[in-house]
Amino acid sequence: MPSTAKDPGTGQQPWTALRQLLDLLAQGAPPEHFTRPVEEAVGAGPDEAEAIADATRVALRIRSTLSQHRRREAELAALFDTAGDLAALRDLDAVLRAITHRAKLLLGTDVTYLSLNDDEAGDTYMRVTDGCVSAAFQRVRLGMGEGLGGLVAESARPYTTGDYRDDTRFKHTGPIDSAVIEEGLHAILGVPLRLGTRVIGVLYAADRTSRTFGPDEVALLSSLADHAAIAIDSARLMDETRTALVDLNAASQTIEAHSEAVRRAEEAHDRLTDLVLRGGGITDVATAIGGILGGGTLIHDADGAELARAGAETRLPPPQAVAASRAGGRAVPVDGTWVCAVLAGHELLGSIALTGRPDLGEADRRLFERAAVVTALLLLLRRSVAETEDRIRGELLGDLLTRAADPGTLSARARRLKVDLGHPHAVFVLHAPAVPRPRLLAVAARTAQARHGLAGTHREEVVLVCPSDTPSACAARLADELGAAVAAPVTVAAAGPVAGPEGFSDAHAEALRCLSALRALGHEGSGAALADLGFVGVLLGDRADLRGYVRQTLGPLLDYDARRGTDLLHTLRVYFAAGMNQTKAREALHVHINTVVQRLDRIGQLLGRDWQRPEKALELQMALRIAQVSCTPDESAFESALGDVR
């Protein structure tokens, strides 16, 4: 050990120099301060000076070791903090900004930044920067192999340069060099961000002055890059997990909604099917559908006739909507109403409309379509029953019109169909050349069922039998109703009334003659009986009621003369006998011309203003003639009412 004796010169004792070196170590003084003890020992002996120099070298080594330990401690603290940030990862950008900022502090560089690879574009782009001032630099993109960063991203190896602008190892491009110059960078260190063997980006540290990056700095930046890669991958996994959870939740909700829809559909189908099988009517089905879907319901047949309605106003289904639903097999919306064709295979049975639900969802839409299937089942059942009943009714009608069975048997068969032949019935023959016969027969059958009658085809014409004691008025109403139902003129010829099964054949023959007369007279599209056709009906009828014809034609005059004691009937006969000449009639009646005019005006008021038209005048003259020739000696009262026609 060196001597501690005081040198006789001016230098200091060795132990004083050692104490000074220890103080410098404790203070963390810069390396240049450690030369002072050596400089102050110039007056010491050789041994003492050498000892102080050795102590200084040891102190510098200790200082270097302590600096390395402190730097390593700071690096480890930074890595530990980064790991903590990753553990509490919430915002990927925040973590990446923290990593680049720590790299800037630890390496003491002017700028740090991070770029990520774009696999679709085939390049790498800036994601995070710290210390950058150039907007162009922050937006720069590097192709694979371009510049330092592009080379790092392509080769997966760290690269460093003391002055990038003059370094020929890298592929320089105008945009990259311009951005580097604008940012003022010289020294650049870039390390890859790796996930296994795949490079996802580059982490950089750069200075605006030339310098050399040491291995420790490369290792430190590489460690931070590894953490950044982990952060990016963790964020990706978390995003994928979050997306998977969202998808799973959505799938769960979808499954739950689908299950609920299936359950509702099954319940609705069971409810509607049970309703049909228990004999429920079409109105019951319409009400049930409206209750299930929370709206109004209308059901129409294939011809647009309304079959049932529940909670909705009467309206026709748009033909284009029915056609679209039939073609696509789905319910279609039109003006806030959903329309679904009711099909049996390719056959259109009708349509069903749902009102009050413009926002019908997919599940309820399918439920509505399933209701249309059940409606089709009901319509098919109804059609099958109706066809059977129509056949039975048609057979009974045919036997009535041809007298093919015992009257008692016919009455019994009619009673089973709720038709009482003991009450007066009228026979109607229908004629509509513009309407297919099956269509006219179907409408007639519905009318017959509604009126507790019979309908069928006999002798190539559709025949309808209904309870009625006023065939003429009933024929006119039927012509209007049936014409509206088939949207075409329907001629209705009536005969009757008939009580009992024996008279239907004769009534049918009379109705056929009436139909021929209506068509010959141009009255197609109207309804009437022979009695409504005047003298033509009298001529065609096999049970001519002459007194009734006279009463129907001249009744107003007969009643007026009876009440007032006048003789308008005689004036009318004389007027016709005079060739409808007022002057000749005045001479025959021996009255003033004004009297003739007044009487003729009164006749016009009673018989109608058209009484002098040729066809009406012919009817009146015919009635006067019949009245004249049909009076017998014991009919003096009738003859008196008619007046002297001789």
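Throughout, read-outs are computed from the coordinates displayed, never taken from laboratory work. All values reported here derive from a predicted model rather than from experimental measurement. As a convention, Cβ positions derive from the backbone with ideal geometry for all residues, glycine included, and neighbour counts pool all protein chains shown.
The table below gives the values:
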| quantity | calculated |
| --- | --- |
| Helix-derived mean residue ellipticity, 222 nm - over the chain, DSSP H n ≥ 4, -39500 (n - 2.57), to 500 | -19000 deg cm²/dmol |
| For the chain, with +1 on Lys and Arg beta carbons and -1 on Asp and Glu, the positive-most of Ala308, Pro318, Gly565 along the dipole | Gly565 |
| Normalised contact order of region 297-380, rounded percent, pairs of Cα under 8 Å and 6 or more residues apart | 27 |
| Peptide ranges 336-344, 216-224, 46-54 listed from the most packed, as the mean C-beta count within 10 angstrom indicates | 336-344, 216-224, 46-54 |
| Amide H contacts under 5 Å for Ala344, placed H, 5+ residues apart | Leu349 |
| For the chain: relative contact order, % (alpha-carbon pairs under 8 angstrom, 6 or more apart) | 6 |
| Local electrostatic count at Gly196 - Lys and Arg +1, Asp and Glu -1, tallied over other residues with Cβ under 13 Å | 0 |
| Whole-angstrom gap from region 118-176 to region 226-264, using each part's C-alpha centre | 36 |
| Folded to 0 to 90 degrees: helix 174-183 orientation relative to the chain principal axis, Cα | 60 |
| 3J(HN,Hα) from dihedral phi, region 486-492, Karplus parametrisation 6.51/-1.76/1.60, rounded to Hz, x for glycine, proline | 9, 6, 7, x, 10, 8, 10 |
| The chain, dipole about Cα centre (Lys/Arg Cβ +1, Asp/Glu Cβ -1), debye to the nearest 20 | 2860 |
| Residue exposure sequence - Phe213, Phe368 - by fewest surrounding Cβ within 10 Å | Phe213, Phe368 |
| Peptide ranges 586-594, 300-308, 454-462 listed from the most packed, as the mean C-beta count within 10 angstrom indicates | 454-462, 300-308, 586-594 |
| Top positive-direction residue, dipole computed over the chain with Cβ charges, set Ala331, Thr161, Cys466 | Cys466 |
| Measure of compaction for region 342-466 (Cα Rg per 2.2 N^0.38 Å) | 1.39 |
| For region 90-240: relative contact order, % (alpha-carbon pairs under 8 angstrom, 6 or more apart) | 24 |
| Highest average packing first - 391-400, 117-126, Cβ atoms within 10 Å | 391-400, 117-126 |
